[in-house]
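The values are calculated or read from the model by the stated rules, or taken from the named source; none is laboratory data. Please read all numbers here as calculations on a predicted model, not as lab measurements. Using ideal geometry, Cβ is built from the backbone for each residue, glycine included, and neighbour counts are taken over all protein chains shown.
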Amino acid sequence: MSRISGTDEQIILRARGMSMLFPGTKALDNVDYNVWRGKVNVIIGENGAGKSTLMKILAGVQQPTTGEITLNGNVVSLSSTREASKLGIGMVHQELNLFENLSVAENIFLGRELQSGIKPIDEASQEARAAELMQRLDQPISPKELVGSLKVGQQQLVEIAKALAENADILILDEPTSALSKTEVAILFRVIRELTQQGVSIIYISHRLEELMAIGDMITILRDGRFQAEARVSDIDVPWIVREMLGSEPVSSFLQPGRTFGAPILEVENITCVGSNGNCVVDDVSFQVRAGEIVGIYGLMGAGRTELFECLLGTQRNYLGKLWLDSKPVPARLATSERIRMGMSLVPEDRKRTGIFPVSSVASNLTIASLWRRLSYRFAIAEQHEQTVVTDTIGNLSIKVSSPDVAINALSGGNQQKVVIGRSLLTNPRLLLLDEPSRGIDIGAKADVFRMMVKLSQQGIAVVFSTSDLKEIMAVSDRILVMSGGKLTADIPREQAEESALVKASAQGF
């Protein structure tokens, strides 16, 4: 286990002997962690390695079972997020923590409104400050805009603006680019560099290795809740990170040559959908997906991929065009539940908001969409059969959980994602739609998901997934569709796909 020695002048925060026990699991096991002053401190590890738990402790969200934290050489107690904020520690969580019925400005200043004494809230000043923050992030978003009307990527930038408004000395960013386009990532990196030049220390969590190499100064790796390694980013490379995380090199391709496909499962003809702002979010899109085929849809944020999936599953019914599933027409007004019964299923992009029931158990989250398949007679659920199915699904997807009865919000992000995928599989789909299935998932979990996609395709299921990651789209797609500005700008077989052509096609609609 490699470490770097540093003085108190170089290290703003030290965590020593951090352990965290949860029922049935040890999330952190005697971890020592350093935050270097004025640097981008990258922390990485597989899902379940303990990264988020450690960060929640530093942000005052949770208190450790054992351990000590020193800030600027003084022992501190981070008993709440408010205490952490007073000491200059802020956090942007991976799962968005915004109120959709409030404006951008109201979200940014929620709980610390600009007001004096008994005077009303100074909304004008809040909106002016919010406008400055959004301008700093190069986002033409009005401070009066309701957060619920923004896309996920824009909401993530509002979360970052909230943290910038607090003028934190230590800023924790948990997967800050997971829903951002390349342009937005470049803006964020510029802001991060400005902050470090001003002496702010950044803790940066991400699973995108090239991104970590581009922005990081120092790197810490956790494995199975324990400290694994610490190094200067300038002294290491991506293979070193992967070896320390997993003990092996990453798999670059998941498809064997000579794959064959059956008859069309999904046929899409001239699908067009207009958004609430009057813009065409899906613009005359047509394509087919055959049995056993994996089709990847590549595009940047705002390309229309999520909106297309919403049209296919019927969560957005205000569209024009025609759909067929297994040669059967799917009317535009057909309810989502009926489309699921026909053999269609979707794993949504936003796991927290539309993917899980946070206070329910893992078992309930797995079976909620397929209970109609498991009725023994009328309204009585075949509990024994249900328990068997839950146990088999947890084993097949390698979901790390001590018991199916544990609440799903106690699981790591990657394991929550596996539960959502497992729920879709229990509906026995003929067509499986996955919207950014690897968002917020580490290398090992991504590999599990991709192998599962290949296995399902070999069983004759048609798989369609979206991603903005070029390496992912190249690694697991039989055919690649590119969307840009709502339009389908390319349809390329795997063997003819080149990264430069995909990038060019993804920019045609902007």
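Side notes on the structure shown:
- For first residues located in segment 482-506 and in the same structural domain as PHE309 (by TED's automatic domain parsing), partners that are among the polar types (S, T, N, Q) and at pLDDT 90 or above and lie 6+ apart or on another chain with Cβ distances below 8 Å form the pairs VAL482/THR489; MET483/THR489; LEU488/SER286; ARG494/SER477; ALA497/SER477; ALA505/THR489; SER506/THR489.
- Which listed residue, of THR177, THR220, THR196, is free of Cβ contacts under 8 Å to residues at least 40 places away in the same chain and on the phi < 0 side of the Ramachandran plot: THR177
- For segment 32-63, the set of residues classified as under 15 Å from GLN228 (Cα atoms) and assigned to a loop (DSSP other than H, G, I, E, B) consists of GLY45, GLU46, ASN47, GLY48, ALA49, GLY50, listed by residue number.
- Which numbered condition GLY413 misses (of (1) within 15 Å of SER364 (Cβ to Cβ); (2) surrounded by 20 or more Cβ atoms within 10 Å (Cβ to Cβ)): (1)
- The strands (runs of 3 or more DSSP E) falling completely within segment 205-314 that include 2 or more residues that are within 18 Å of SER477 (Cβ to Cβ) map to 264-274, 280-290, 294-298.
- Candidates VAL285, VAL330 - the one that is β-branched (Val, Ile, Thr) and more than 22 Å from GLU436 (Cα to Cα): VAL330
- So VAL191, is it more than 19 Å from the chain's Cα centre (by Cα) and in contact (Cβ under 8 Å) with a residue 60 or more places away in the chain: no
- Residue ID - farthest from the chain's Cα centre (by Cα), chosen from residues in segment 12-35 that are crowded, with 22+ Cβ neighbours inside 10 Å and not small (Gly, Ala, Ser): ILE12
- Taking the criterion of being touching a Pro at 6+ places or on another chain (Cβ under 9 Å) and either surrounded by fewer than 17 Cβ atoms within 10 Å (Cβ to Cβ) or of a type in the set (Asp, Glu) (or both), the only residue of segment 132-163 that qualifies is GLU159.
- Which numbered condition ASP174 misses (of (1) modelled with pLDDT of 90 or more; (2) closer than 19 Å to LEU58 by Cα): (1)
- Filtered by the rule that a residue be under 26 Å from SER206 (Cβ atoms), buried (at least 21 other Cβ atoms within 10 Å of the Cβ) and either not assigned by TED's automatic domain parsing to the domain that holds THR315 or not hydrophobic (A, V, I, L, M, F, W, C) (or both), segment 449-466 gives a lone residue, SER466.
- Listed by position, the strands (runs of 3 or more DSSP E) inside segment 389-500 whose residues that are within 22 Å of the chain's Cα centre (by Cα) number at least 3 are 431-435, 462-467, 479-484.
- Every residue from segment 178-201 that is buried (at least 21 other Cβ atoms within 10 Å of the Cβ) and more than 27 Å from GLN10 (Cα to Cα): SER178, ALA179, LEU180, GLU184
- Checked against (1) at pLDDT below 85; (2) of a type in the set (Val, Ile, Thr); (3) closer than 29 Å to ARG494 by Cβ, THR388 passes all but condition (3).
- Tally of residues being free of Cβ contacts under 8 Å to residues at least 24 places away in the same chain and either exposed (fewer than 15 other Cβ atoms within 10 Å of the Cβ) or not in a loop (DSSP other than H, G, I, E, B) (or both) across segment 77-109: 8
- Number of positions in segment 110-141 that are of a type in the set (S, T, N, Q) and either outside any loop (DSSP other than H, G, I, E, B) or assigned by TED's automatic domain parsing to the domain that holds GLU83 (or both): 3
- Annotation note: Cβ proximity below 8 Å between a residue of segment 332-346 that is on the phi < 0 side of the Ramachandran plot and surrounded by 13 or more Cβ atoms within 10 Å (Cβ to Cβ) and a residue that is of a type in the set (Lys, Arg) and modelled with pLDDT of 90 or more (sequence gap 6+ or interchain) occurs for MET342/LYS328; MET342/ARG430; MET344/ARG430.
- Filter pass, ILE172 being crowded, with 19+ Cβ neighbours inside 10 Å, in a helix (DSSP H, G or I), β-branched (Val, Ile, Thr) and in contact (Cβ under 8 Å) with a residue 24 or more places away in the chain: no
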